[in-house]
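The structure appears below as structure tokens.
Any read-out appearing in this document is the output of simple, stated calculations on the displayed coordinates, not a laboratory observation. Because the structure is a prediction, the values reported are computed rather than measured. Using ideal geometry, Cβ is built from the backbone for each residue, glycine included, and neighbour counts are taken over all protein chains shown.
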Amino acid sequence: MRSFAIFLGLIALALLAIAVLGYPAWLLSQSMGLDFRFPRVASRIATLVLLIGFVLLARRLEVADRASLGYGLPAPRFLGEVARAIVLGALLMLPVLVTMVVLDMRALKPGVSPDVGGWLALVAGGLGTGLTVALIEETFLRGAMQTAITRESGAAVAITLTSLVYAATHFFSRFRIDAADVDAGSGLDMLAGVFASFAHPLGILDAFLCLTAVGVMLGMVRALTGNIAACIGLHAGWVAVIFIVRKTSMRDPSSPTYWLMSDYDGFIGWMVLAWTLVIGWVLWWWYGGVRRGKQGKRE
């Protein structure tokens, strides 16, 4: 549990940087003629603190090598696994999308009728967003954090704890403030705003449980494969699909199944949570079978 506490401390330190360093950094940017919004400057400061701390802690916890971070495969194999997992992740989302259509859970946005070029742009945007998010989150969580905790407490504990952190960080709310209203207390205001969602836990329960289940699936895949290639691909594929769906459709308030989608993003929720049980089994069967096959060849 020592490693888990250290990683939590790092996240807390990055958040504290918003309150302590956000305002001075914003003043510095203003003096340099940079018209950046306060939340942008403060969040970049938090990211920088997190990055520096991550590098230092990874070395201290002996998880800075490629294998510990989940990049142990040769580059061609790693990229191949990522590509296959992107396709698999997108395919596994099809039952979710079909359910949404059958239950009239979403409706096309007015005026949305992309041509071939438009669809290609959507797919490219979704994949770009998905890969960026997946690389950052999987390296930190399923790479360094899960490896460190697994060495101390075992895979089950590591998967559980990283999944809870993964879910919780999705509810760090965005904070908005006009330049004229920024003052020395804006960092504390932003920090309070980051945690605003947790003031109403029942309002985020469906999304939190769904994201926790997704984290468990990704942690399981990490444990089965021994690397994060598939985790990155699956994560990117899921984000890409959600990106495209949200760009082209919206929740239908008149649908009797409206409540099955969370207010968090209008996509995940109770229905997606139910499907994660099926998707999780498929992933266990697929990647567990690959692992058993490799073990059989060695024997």
Exercise for the section: Indicate the gyration tensor shape class of the stretch 100-207 (rounded, prolate or oblate), computed on the Cα atoms with a ≥ b ≥ c the square roots of the eigenvalues: a/c under 1.5 is rounded; otherwise a/b larger than b/c is prolate and the rest oblate. Expected result: oblate
Practice task
Any chance you could check the Cα centroid distance between the stretch 143-222 and the stretch 1-74 for me, in angstrom?
Solution key: 15 Å
Handout entry: Label-point gap, in nm, between THR99 and LEU205 - each point 7 angstrom along Cα→Cβ
Key = 1.9 nm
Completion exercise
GNM on the chain, Cα springs under 10 Å; top mean-square fluctuation among MET105, MET32, MET190 goes to MET32
Practice task
State whether the chain is rounded, prolate or oblate according to the following rule on the C-alpha gyration tensor (a ≥ b ≥ c being the square roots of its eigenvalues): a/c under 1.5 gives rounded; otherwise a/b larger than b/c gives prolate, and the remaining case gives oblate.
Solution key: oblate
Problem - Exposed-site-free run, longest, the chain (rule: trypsin sites (Lys or Arg not before Pro); DSSP loop; at most 14 other C-beta within 10 Å) - result: 1-173
Problem - Gyration tensor verdict on the stretch 215-296 (Cα atoms; rounded if a/c is under 1.5, prolate if a/b is larger than b/c, oblate otherwise) - result: prolate
Fill in the blank from the handout: Checking LEU61, LEU161, LEU34 against a Gaussian network model of the chain (alpha-carbon springs below 10 Å), the top fluctuating residue turns out to be LEU34
Practice task
List GLU138, GLU81, GLU152 from most exposed to least, where exposure is judged by having the fewest other Cβ atoms within 10 Å.
Solution key: GLU152, GLU81, GLU138
Handout entry: Net charge of Cβ neighbours under 11 Å - reference MET250; Lys, Arg +1; Asp, Glu -1
Key = +4
Problem - Among GLY117, GLY185, GLY269: highest mean-square fluctuation, GNM of the chain, C-alpha pairs under 10 Å - result: GLY117
Exercise for the section: Scan the chain and note any complete DSSP helix (H) whose C-alpha atoms cover at least 20 Å along its axis and whose Kyte-Doolittle average is -1.0 or more. Expected result: 2-31, 38-60, 75-92, 116-137, 155-169, 201-225, 229-248, 270-298
Completion exercise
Exposure-ranked with fewest Cβ neighbours within 10 Å first, PHE172, PHE140 stand as PHE172, PHE140
